[in-house]
Amino acid sequence: MTQVPFIHSRHIKWGDTDAALIAYTVRFFDYCMEAIEDWFREVCETDWYVLNMDRKTGTPFVNVNMDFFAPLTPRHRLNTHVLIEKLGTASLSFCLKGMRSDDVQAFEARFTCCFVNNQKMTPLSIPDDIRQKIEGYIQSGGGV
């Protein structure tokens, strides 16, 4: 059974930091993408490689919005809570809350992807098996 909400956990590494010795701003996008990819693997029981290679289904991101509240350093473990903000016909919007190991919220982000035929780059309805798993996740408390 998947923990709800799904939480992706990682250490902030020295190589993640910039000259100010805090996590470099663009790394926050990587942290969110890691969390979403692991969410797909855990909740939807598939991953982006299988979707793209075997099912010819891509999930390009079409919108990203992020607010920063507190810095991250190598002293922190980052726990990214993955919630579903909106489940559309062909789109899926995530709300990600980045919590530091000291219970301070570092960021909140919204990422929206759309499901497409990766050969033609045309929209696809979210496949039924994946939709059912997302709906179950939302019903279990994984929605915003």
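Restricting to the chain, what percent of DSSP beta bridges are antiparallel, rounded to 5? Don't skip to the end; give the middle numbers.
Numbers: 36 of 37 bridges.
Counting only bridges with both partners in the chain, antiparallel ones make up about 95 percent.
Would you mind getting me the FRET efficiency between LYS56 and GLU135? Use the beta-carbon distance for r and R0 = 22 Å, nearest 0.05.
Details: r = 23 Å, r/R0 = 1.05.
FRET efficiency, LYS56 to GLU135: 0.45.
Taking θ as phi - 60°, what are the ³J(HN,Hα) couplings along the stretch 27-40 by the Karplus curve (6.51, -1.76, 1.60), each to the nearest whole Hz, with x for Gly and Pro?
For the stretch 27-40, the Karplus curve yields 5, 4, 5, 4, 4, 5, 5, 4, 5, 5, 4, 5, 4, 4 Hz.
Show the residues, 5+ positions off or on another chain, whose built amide H is closer than 5 Å to the amide H of THR17.
Long-range HN contacts for THR17: TYR24.
Given the Cα-Cα distance of GLU42 and TRP14 and 0.36 nm per residue of separation, how much length would full extension add, in nm? Before the final figure, lay out each step's value.
Numbers: separation 28, 0.36 × 28 = 10.08 nm, distance 2.79 nm.
Result for the pair: 7.3 nm of gain on full extension.
Between ARG75 and GLU108, what's the calculated FRET efficiency when r is the beta-carbon distance and R0 is 25 Å? Round to 0.05.
On the way: r = 21 Å, r/R0 = 0.84.
The formula returns an efficiency of 0.75 here.
Around LEU72, what is the net charge, scoring Lys/Arg as +1 and Asp/Glu as -1 over all other residues with Cβ under 13 Å from its Cβ?
Working: positive: ARG10, LYS13, ARG27, ARG75, ARG77, ARG100; negative: ASP16, ASP18, ASP30, ASP102.
Net charge in that neighbourhood comes out at +2.
No value in this document is a laboratory result; all are computed from the given coordinates. Quick caveat, the model's predicted, so the values are computed rather than measured. When we count neighbours, we look across all protein chains shown, and the Cβ atoms used for this are built from the backbone with ideal geometry, even at glycine.
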